[in-house]
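Novice: I'd like to ask some things about the structure below.
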Amino acid sequence: MKVAFPEAPEPSDEAAEAGRLLFAGPVDFVKGVVAMDGLPPADRPEVCFAGRSNVGKSSLINALTGRKGIARASNTPGRTQEINYFALGDHSYLVDLPGYGYAQAPVAVVAKWQALLKQYLAGRPTLRRAFALIDARHGVKPVDHEIMTLLDRSAVPFQVVVTKADKIGATTLAATLAQVESELQRHPAAFPELVVTSSEKGRGIATLRAIIDGLGRA
């Protein structure tokens, strides 16, 4: 039976305002982690962002927080080699995972990142949801299936966030969303709604803020 993956609806005014207030409040960089023993205490809910290098992850986090430089945007794939923790006040953690699909990174470095990701995803009890970022211009690629399969095996619910929706036309975007829906049929941990975003135009930002706020209250 085919599972539908519609675009997430606009949040209610109340939910949108709660999400806005969450991200308008304190957002502080806590630490960059290179090993599991460096993780902060699991004392609050957290969500994580995963995506291929250059998918627009840093730009999306900057747009969510309304702070241009809180997550480092770079044209060099694989620059971020740590699990970066940000505290949303006392509400929750927002976790920026290392980019994957890093063609320019040494094999040993890639292996180390992959091992850390596996340990984190399998062993973080307060992780409420992972957001798997997919570039609207490219759709789901084989390397994306690797991280999604890891999320499946780790029993971590994940939701696809389509980035850079402003970079293509409506017809092309519709084709991308259909491709994403088709590819997600093989992933049982996928949450059945897509969030379509544009960091530059603001599309989907209020929706994603409201989702993160709700997960922190669950």
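The values are calculated or read from the model by the stated rules, or taken from the named source; none is laboratory data. Just so it is clear, the structure is predicted and the values come from calculations on it, not from any experiment. Because the Cβ atoms are built from the backbone with ideal geometry, glycine has one as well, and the counts that use them run over all protein chains shown. Only protein heavy atoms, including side chains, enter the accessible area calculation; ligands, DNA and RNA are left aside. Shrake-Rupley method; radii C 1.70, N 1.55, O 1.52, S 1.80 Å.
Novice: So which residues in segment 119-138 are out of contact with any Leu (no Cβ under 9 Å at 6 or more places or on another chain) and open to solvent by less than 10 Å² (accessible area, probe 1.4 Å), if there are any at all?
Specialist: Within segment 119-138, Asp135 is the sole residue that qualifies.
Novice: Next question. Touching a Leu at 6+ places or on another chain (Cβ under 8 Å), at pLDDT 95 or above and closer than 16 Å to Leu215 by Cβ: does that describe Pro11?
Specialist: No.
Novice: Hey, Val143 hits all of (1) open to solvent by 40 Å² or more (accessible area, probe 1.4 Å); (2) farther than 14 Å from Gly56 by Cα but one; which does it fall short on?
Specialist: (1)
Novice: Considering only segment 62-95, state which residues are within 17 Å of Asp135 (Cα to Cα) and either surrounded by fewer than 23 Cβ atoms within 10 Å (Cβ to Cβ) or modelled with pLDDT under 90 (or both).
Specialist: Asn62, Ala73, Ser74, Asn75, Thr76, Pro77, Gly78
Novice: Let me spell it out: the conditions are (1) closer than 24 Å to His91 by Cα; (2) of a type outside the set (A, V, I, L, M, F, W, C); (3) open to solvent by 60 Å² or more (accessible area, probe 1.4 Å), and Thr197 meets all of them except one. Which number is the exception?
Specialist: Evaluating Thr197 over (1) closer than 24 Å to His91 by Cα; (2) of a type outside the set (A, V, I, L, M, F, W, C); (3) open to solvent by 60 Å² or more (accessible area, probe 1.4 Å) leaves (3) as the failure.
Novice: Right, something else. Does Asp152 satisfy the condition of being of a type in the set (Asp, Glu) and touching a Ser or Thr at 6+ places or on another chain (Cβ under 8 Å)?
Specialist: no
Novice: What do you reckon, is Ala108 within 21 Å of Glu10 (Cα to Cα), open to solvent by 50 Å² or more (accessible area, probe 1.4 Å) and part of a helix (DSSP H, G or I)?
Specialist: The answer is no for Ala108.
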